[in-house]
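In what follows, a structure is listed as structure tokens, so that the remarks can point back to it.
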Amino acid sequence: MALKIVFLILLFSFRFRLSLSGNGQTNSMESVPDLQKSMYMVVDGYPCVRLVNLSGEIGCSNPGRDKVVAPIIKYKNNKELGLPSAILLSMDDVHGFFSRISNDSSFASNVAGVLVESRVEIQHKLKGFSPARKFPQAEFASYHNTTYEWNPIGSGIMWKSYNFPVFLLSESSTSTLQEIAMKNEKTEKAYTTNVAEFDVVMQTTKVGTHDSESCLKEETCLPLGGYSVWSAVPPINNSSSNQSKPIILTVASMDAASFFRDKSLGADSPISGLISLLAAVDALSHVDGLDNLNKQLVFLVFTGEAWGYLGSRRFLLELDQQSDAVRGLNSSLIQLVMEIGSTGKGFSQGNKTFFAHTQVSSDTNEALDALKLAQESLKSEGVTVSNASSSNPGIPPSSLMAFLRKNSSTSGIVLEDFDTVFANKFYHSHLDDSANINSSAIVAAASLVARTLYVLASDKKDSTSSALSSINVNASLVEELISCLLDCDPGLSCELVSSYITSVDTCPSHYVGVVLGEPSSTPSPNQVDDISRFVWNFLADRTSTPKGNTTVCSKDCSNNGGVCIRAETDGKGICVNSTTRYVPAYSTRLKLDSGTWKVLPPNSSDPMGMLDPVWTESNWNTIGLRVYTVQEAAYDRLVLLGGTSVTVLAYLAIVLTRAYITKALKQD
């Protein structure tokens, strides 16, 4: 009898392997991981994560300590949810869906998770999508009218808290999930269903630390932040006691925000401004006689500006403290702050049009005159710059606000591609990508900035001068920067970036990230993200003097006023004469004490610090999304009942048969 059972098992095993071989999958299930791959489909996507400040939370998280599993259904606006479900949501319905979440608690209680679809060039089909507020970071404005709508299309949904996971699907995953949702709809009464499993368990949710102070204390979160970069033209001689040149500070931002953490591109806002700044620096680097300028040019690229102006506020604090990070700079010498904001949409019907938003002063008027001279020199290229409307309440949301809150008499200009409201209909959205900008507009803005700075720093007032007309922006560099900083192909593996750093990621994302380790003016490369390291190397290279006078890096490089660039690419690097430094960017109300972050009490002498929300990001172990098929519990119970019944009947049949045979044999 035992031999028969063994034979049957071997036969079944052979037939099973033969069936797999017939499907071309002979080796597909030779291990447990292979079995898991056949059962579970991992889905590519970008999560919304939990962020925490002093007063509460925003963003998304699983509601408890466990994974969330729910059937996938396509969202229909008029349909009620009978049971917890994973909602497949098109971009057209995002605003209406989240509005319904806020207003319909019974509907919200059955939302187990959300899967947002991606589509190619969806921007052309949408009127706009901005999850930011109508006046972003209004609390930091330097004027009282904080109800003004700079971003009228803003919904503010990214600033709310959701106790369910939300993923933005990749384009390939979108097609797959649409098929699965359709299949679930067609087989609504079947005994199997396809479910999504969300693993977005946040440590702040698990431990119950729902504000920055408590989560930092329990070490369930880390502060938002990173490293800003500044560079001087010409390099500053720190050994000289005569540091009396007025400073023209040109600033831009390199961090963006989005509802989805790792899909924060910010092509128009603010990366177009960053690219304009880098291209302007490159153009000026080819001009002779920069050592003889009457004013000191300083270029400063902030990070953390989307989260309470972390970069600019920390920079101003470092200036007050005269830390090593800002050695060579003096706040009393800053004559003008010129900010390059969004420039990627300043192109219309062949013309490149920009607007100067100003804080009126004599130095600002001088800067406006310089802008006009630069415009005149670019007249043949169709570049115009106009003063922003006097009906505006003040300057738009920008880093200049931090300077004005620190010192209301600061002279400043913000160059933008809009007048009264944002031209960018996808502000702080994952849709603000390279398709949302025009490279010609960025080239024009860079040309305008480079020539304006030269006029201001050299005091040349002639728009027809040969020196001014010789300042030309490299359009090919702008195109390359766009593909490097905003696209995945080639992304950060592009030749330009690869010539300076070894990037951790290929696909760029401009989310600020979190502070790793103790902040320093000379951080190790693993403390600094790819974008900041690239910007530092690029600026150090382009602002170095004299050109071509380079040596292999040694210990004496920094001692002689030099910096070591390209060190990541060959392990040796090149020593160049440049004043380029990192500045830590994190909340002015945080201090690292014995390895633990502590929140400092508010200081009445620091009005911006009093408003500081102290943003942190929750820790997590893993984040994942996968899809698989499950059977209905009722069907499982039916199978169990059927199996039990068959077993009982088989047992009874055996007993009765044995009794019958035994009786028959006795009669014989």
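The values are calculated or read from the model by the stated rules, or taken from the named source; none is laboratory data. Everything numeric in this text was worked out from a predicted model, so none of it was measured. All Cβ positions, even for glycine, are placed from backbone atoms using ideal geometry, and neighbour counts span all protein chains on display. Ligands, DNA and RNA are stripped out before the accessible areas are found, and what is left, the full protein with its side chains, is counted by its heavy atoms. Shrake-Rupley method; radii C 1.70, N 1.55, O 1.52, S 1.80 Å.
For the chain, the share of accessible area belonging to carbon and sulfur comes to 52 percent (1.4 Å probe, ligands and nucleic acids excluded). Seen against the Cα atoms of the chain and their longest principal axis, helix 475-486 is set at about 40 degrees. Applying 1/(1 + (r/R0)^6) with R0 = 35 Å to the Cβ-Cβ distance of residue 605 and residue 362, what FRET efficiency is obtained, to the nearest 0.05? According to the calculation, E is roughly 0.80. Stretching the chain fully between residue 108 and residue 569 yields a gain of 160.9 nm (0.36 nm per residue, less the alpha carbon separation). Counting only protein chain heavy atoms and rolling a 1.4 Å probe, the accessible areas of 565, 661, 334 rank, largest first, as 661, 334, 565. Once the 1.4 Å probe is applied to the protein heavy atoms, the chain comes out at 46 Å² accessible per residue. Compute the Cα gyration tensor for the range 405-480, then decide on rounded, prolate or oblate, letting a ≥ b ≥ c be the square roots of its eigenvalues: rounded whenever a/c is under 1.5, prolate when a/b is larger than b/c in the other cases, and oblate in all that remain. Oblate. Highest mean first, the peptides 125-135, 516-526, 645-655 sorted by other C-beta atoms within 10 Å per residue fall in the order 125-135, 516-526, 645-655. The length gained by stretching the chain between residue 666 and residue 390 to full extension, at 0.36 nm per residue less their Cα-Cα distance, is 87.8 nm.
The tail of the calculated P(r) for the range 67-206, taken as Cα-Cα distances beyond 27 Å, holds 30 percent of the pairs.
Note down the net charge around residue 68, summing +1 for each Lys or Arg and -1 for each Asp or Glu among other residues with Cβ under 9 Å from its Cβ. Once all neighbours under 9 Å are counted, the net charge is -2. Rolled with a 1.4 Å probe across the full set of protein chains, the surface gives residue 363 an accessible area near 40 Å².
In the chain, helical runs assigned H by DSSP with n ≥ 4 each contribute -39500 (n - 2.57); averaged across all residues and rounded to the nearest 500, the mean residue ellipticity at 222 nm is -10000 deg cm²/dmol.
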